[in-house]
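Some notes on the structure that comes next.
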Amino acid sequence: MSFDHVRRFTPAPPRASSRVAPVAPPLAIAIRGHTYRDNGPKSGSEGTLMELITVASARQAEAIGKQVRLQGWVRTRRDSKGGFSFIELNDGSCQGNLQIVAEAALPNYETEVKKLGAGCSVTVEGEVRQSPAKGQATEVAAKSVTVHGWADAESYPLQKKGHSYEFLRTIAHLRPRTNTFGAIARLRNQVSRSIHDFFQEQGFLYVHTPIITASDCEGAGHLFKVSTLNPAQLPLQNGQVDFTKDFFHRPTFLTVSGQLEAEIFACGLGKVYTFGPTFRAENSNTSRHLAEFWMIEPEMAYFDLQDNMTLAESFLKRIIRDALDKCGEDMKFFQERVDKEILTRLQGVLNSQFLRLPYTEAVEILEKSGEKFEFPVRWGIDLQSEHERYLTEKKFGCPVILFDYPRTLKPFYMRVNDDGKTVRAMDVLVPGVGEIIGGSQREERLDILEQRMKEQGLDPAGYWWYLDLRRYGTVPHSGFGLGLERTLLFLSGMGNIRDVVPFPRVPGSAEF
RNA sequence: UCCCCGAUAGCUCAAUGGUAGAGCAACCGGCUGUUAACCGGUUUGUUGUAGGUUCGAGUCCUACUCGGGGAGCCA
């Protein structure tokens, strides 16, 4: 689906993607990647031609007959008295392991092969052949097994059996070697790719907004301070810290949103998106919050709130479809080991049309629901998690986009409706996770925007550049924010956001 | 930050206020084209930390630390 039809006044500029980079000369060794191939056959230990391939490609029946070299980590070893051992090899290229058959004739069979255990790193050379046993199409008959690094079985924390996520969090440096975190890493990679693919195909421009900022998009005191001042010797002026002595000559923070800067580029280049790290210093101790997370924020000139919703829905569906199509094995793993309903739920979302429901109607539905809520529902107060869950999981059973919230509940930059009481905000609620997207049509009228800033105790002078966008050539525009980690929770069925980010940062914890 | 729950072997968990155990892992042996292999045996503890109650505390009380679930803030 294209959004180019939506009231664009200028054609999209040529995109960077039209400049195709020249093909790089082959590297000496391709360690990872989907080519699964280095710069050609090389001489193996027995003088045969060895091709470096991944476990993923060696597991395919097409690989049968090839002389190959594989590099990865041992998951487990089983011995046969018949004079050989089975080694389960994984290199992160896919969910499944490759079975290596190592004969006793190998020169290092007794000294090394029979001592291999979980965690050891090896290079294996041999021939891919059809596996006579169930469980895999192929296996590799090893001609050599080279051990790079041992993993002492007494002290290596990862065992063959399952571990709790809580335990794995304490060894975040080793958990990428587990099935679950391998699957998460590959899914996260795919989602990141889908995000760029979707927006690039729609003619969006990828904009890098600053990590360090002096503005506070949400208007609250939950930012991380950035300073080079010595905390033990702060320069003071009338009892206050004198920030003119600081690096930027003013207080600065880690960004909580790239939205305001994205608006700058949207109001000049049309459709843009940001995709980068975001920092919130809130003392949130939940399974859905991180102090450091990745956020995607598209911002579109000439989009109204309905266009915004259409984009959000089509964007989410693209990510789901790609995950199902391109991470099939990992998604199957989530279905079997993490959440028995994840595939049907995602398929249901793909097939559904997101329900668009004004806040006012949602409140009426909740009031008439007869449901016993812990917190009462009343027009003018924010909906609680239990209310949102009721709507998306129980009442409708599909994603719900709530919009037109009371102005008192939402930030200054959201466009005020004609009724004067509500603003053009939207929240996308999905089953299982709750709010996954928050967005709005932006206030493009200078006088109303200034009034809203004062209403919320903000000094318009500090946002002079933001106001200039309304002062000169203002346009209606919209955008939203999608949390990458919440998307991963939604896609995988995982229960804790700390398990879908490589290195979680939460209050009291920044290990690794 | 608030409410609730928890912390015992490398991991997952038992143990009416009265001698701290099991399964898995590890190690040894057996068996096997095996695949969460199987069978037999062996090893493993300052019961989160600091106090308190008690003749006696893994168990009861207090504080703290860490973890989990829920709430708020939100993505």
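The values are calculated or read from the model by the stated rules, or taken from the named source; none is laboratory data. Note that the structure is a prediction, hence the values are computed from the model and not measured. FYI the Cβ positions are ideal-geometry reconstructions off the backbone, even for glycines, and counts take in every protein chain you see. These area figures cover heavy atoms from the full protein model, side chains too; ligands, DNA and RNA do not enter into them. Shrake-Rupley method; radii C 1.70, N 1.55, O 1.52, S 1.80 Å.
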### Message
Given Cβ point charges of +1 (Lys, Arg) and -1 (Asp, Glu) and nothing else, what value in debye, to the nearest 20, does the dipole of chain A about its Cα centre take?
### Response
1000 debye
### Query
Using Cα atoms only, what is the angle between the long axis of helix A:259-269 and the major principal axis of chain A, expressed in degrees (0 to 90) to the nearest 10?
90 degrees
### Protein accessible area in segment A:42-156, 1.4 Å probe - carbon and sulfur %
51 percent
### Phi to ³J(HN,Hα) by Karplus 6.51 cos²θ - 1.76 cosθ + 1.60 over segment A:85-97, Hz, x for Gly, Pro
10, 9, 10, 8, 10, 9, 10, x, 6, 6, 5, x, 9
### Summary
Amide H neighbours of A:D242 at under 5 Å, excluding residues fewer than 5 places away on the same chain, with H built from the backbone geometry, are A:L236, A:Q237
### Message
Once ligands and nucleic acids are excluded and a 1.4 Å probe is used, how much of A:K332 is accessible, expressed in Å² to the nearest 10?
### Response
120 Å²
### Task
Mind running the shape call on segment A:465-512? Use the C-alpha gyration tensor, a ≥ b ≥ c as the square roots of the eigenvalues: rounded below 1.5 for a/c, prolate if a/b tops b/c, oblate otherwise.
oblate
### Reciprocal of mean inverse Cα separation for chain A (Kirkwood radius, Å)
26.2 Å
### Summary
Rounded to the nearest 10 Å², the accessible area of A:S385 using a 1.4 Å probe with every protein chain kept is 60 Å²
## Note on the structure
chain A: relative contact order from alpha carbon pairs under 8 Å, six or more residues apart, as a whole percent, is 12 percent
### Message
With θ taken as phi - 60° and the coefficients 6.51, -1.76 and 1.60, list the Karplus ³J(HN,Hα) couplings across segment A:378-388 in order, rounded to whole Hz; mark glycine and proline as x.
### Response
8, 4, x, 10, 5, 6, 8, 3, 4, 6, 5
### Task
Go through A:G268, A:L311, A:G96 and say which Cα lies farthest out towards the positive end of the charge dipole of chain A; charges sit on Cβ, +1 for Lys and Arg, -1 for Asp and Glu.
A:G96
### Task
Mind grabbing the accessible area of A:E450 for me, 1.4 Å probe, Å², rounded to tens?
50 Å²
### Query
What list of ³J(HN,Hα) couplings, whole Hz, do you get for segment A:470-477 from phi and the Karplus terms 6.51, -1.76, 1.60, once you set θ to phi - 60° and write x for glycine and proline?
8, 6, 10, x, 5, 9, x, 7
### Summary
Length gained if A:D79 through A:Q136 is fully extended, taking 0.36 nm per residue and subtracting the Cα-Cα distance, is 18.7 nm
### Task
Find out how many positive minus negative residues lie around A:E443, taking Lys and Arg as positive, Asp and Glu as negative, among other residues whose Cβ is under 12 Å from that of A:E443.
+3
### Task
Give me the percent of the accessible area of segment A:184-260 that comes from carbon and sulfur atoms, probe 1.4 Å, all protein chains in place.
54 percent
### Query
If you place +1 on the Cβ of every Lys and Arg and -1 on the Cβ of every Asp and Glu, how big does the dipole about the Cα centre of segment A:42-156 come out, in debye to the nearest 20?
220 debye
### Angle between chain A longest axis and helix A:446-455 axis [Cα atoms, degrees, rounded to 10]
80 degrees
## Note on the structure
Between A:T252 and residues 5 or more places away or on another chain, the pairs with built amide H atoms under 5 Å apart involve A:V226
## Note on the structure
Percent relative contact order for segment A:376-512, counting Cα pairs under 8 Å at least six residues apart, stands at 18 percent
### Query
Once you list every other residue whose beta carbon is under 9 Å from the beta carbon of A:I497, what net charge do they have if Lys and Arg are +1 and Asp and Glu are -1?
+1
### Query
Which angle from 0 to 90°, rounded to the nearest 10, does the C-alpha axis of helix A:359-368 make with the longest principal axis of chain A?
80 degrees
### Summary
Heavy-atom accessible area per residue of segment A:42-156, all protein chains kept, 1.4 Å probe, expressed in Å², is 46 Å²
### Summary
Checked segment A:42-156 with the C-alpha gyration tensor, a ≥ b ≥ c its square-rooted eigenvalues, rounded below a/c of 1.5, otherwise prolate if a/b is larger than b/c and oblate if not; verdict rounded
### Task
With +1 on each Lys and Arg Cβ and -1 on each Asp and Glu Cβ, and nothing else charged, work out how big the dipole of segment A:77-213 is about its Cα centre, in Debye to the nearest 20.
360 debye
#### Entry: Solvent-accessible heavy-atom area per residue, rounded to whole Å², over segment A:363-443 at 1.4 Å
43 Å²
### Summary
Residues other than A:S509 with Cβ under 12 Å of its Cβ, Lys/Arg counted +1 and Asp/Glu -1, net out at +1
## Note on the structure
Mean separation of Cα contacts under 8 Å (at least 6 apart) over the residue count of segment A:42-156, i.e. the relative contact order in percent, is 27 percent
